[in-house]
Amino acid sequence: MTAALAPGFCDPVLSAQSVFRSVMDALARPATLCDLPQMLSPPPPLTPASAAVALTLFDQDTPVFLDDPFAPTDVAYWLRFHAGAPIVTEPQQAAFAILADPANMPPFDAFPLGTPEYPDRSATLILQVASLEHGYELAFCGPGIEDRRILHATPLPADFPQRLAHNRALFPRGVDLLLVTDARVAALPRSTKLIDEV
């Protein structure tokens, strides 16, 4: 239980503001790498950057789904303790999900996709990837991208391009993605269009 009681932000207001700016910058400029401050030591396999995003975006009104690698750990307790976020066992119940094994993540449609009337009732998926400099090389266009932008990431599901294309076709419904390493984040909002696999 010692790991579960690892501290949260030293200065919750200023730290959350800093992380929030980084996440908003990533969402405004899809497929762009944005630095995240490394200020936390959460229980593994939760990374410091994912933990910072969680403490910034989660609260008692945001049900969170955690995939299987988190099950035998203190991460659920740590998130409840520091963010007050309820932990759910079914993806369809989640407002957010943290996925430590993105290569084997559930299908996007296992999570809330929103409705035509309420597209904001969809889930945001936080994918803990090992690298944003290697792996899949994908080209994107859309709002926030001047021409096209290339993003690399690994590990990801083998059918990731197909998932992205289907997710974009659902717009304004669909999930939003945050790809997070130990210290950086890149966003793929549902409005971002996959051009092709490079």
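For region 63-108, which residues satisfy the criterion of being polar (S, T, N, Q), surrounded by fewer than 18 Cβ atoms within 10 Å (Cβ to Cβ) and in contact (Cβ under 8 Å) with a residue 24 or more places away in the chain?
Step one: filter region 63-108 for residues polar (S, T, N, Q), giving 73, 89, 92-93, 104.
If we keep only those that are surrounded by fewer than 18 Cβ atoms within 10 Å (Cβ to Cβ) too, we end up with 89, 92-93, 104.
Passing the criteria: T89, Q93, N104.
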Quick one: what pairs do we get from region 123-150, first residue in a strand (DSSP E or B), second surrounded by fewer than 19 Cβ atoms within 10 Å (Cβ to Cβ) and of a type in the set (V, I, T), C-beta under 6 Å, 6+ apart or different chains? S131/T154; H134/T154; G135/T154; E137/V198; A139/I150; A139/I195; A139/V198; C141/I195
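Based on this model, can you work out whether E117 counts as closer than 24 Å to L36 by Cβ and among the acidic types (D, E)?
Values: closer than 24 Å to L36 by Cβ: no; among the acidic types (D, E): yes.
No: the conditions fail for E117.
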Given the residues D61, D25, D67, which is the only one that is over 16 Å from R184 (Cα atoms), of a type in the set (D, E) and touching a strand residue (DSSP E or B) at 6+ places or on another chain (Cβ under 9 Å)? D67
For region 122-149, what are the residues that are more than 15 Å from the chain's Cα centre (by Cα), within 29 Å of A51 (Cβ to Cβ), at pLDDT 95 or above and surrounded by fewer than 17 Cβ atoms within 10 Å (Cβ to Cβ)? P143
Just the residues that are among the charged types (D, E, K, R) and closer than 23 Å to A183 by Cα, please, taken from region 36-95. D59, D67, D68, D74, R80
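The values are calculated or read from the model by the stated rules, or taken from the named source; none is laboratory data. Worth saying up front: this structure is predicted, and the values here are computed from it rather than measured. So basically every Cβ, Gly included, is an ideal-geometry build from the backbone, and we count neighbours across all protein chains shown.
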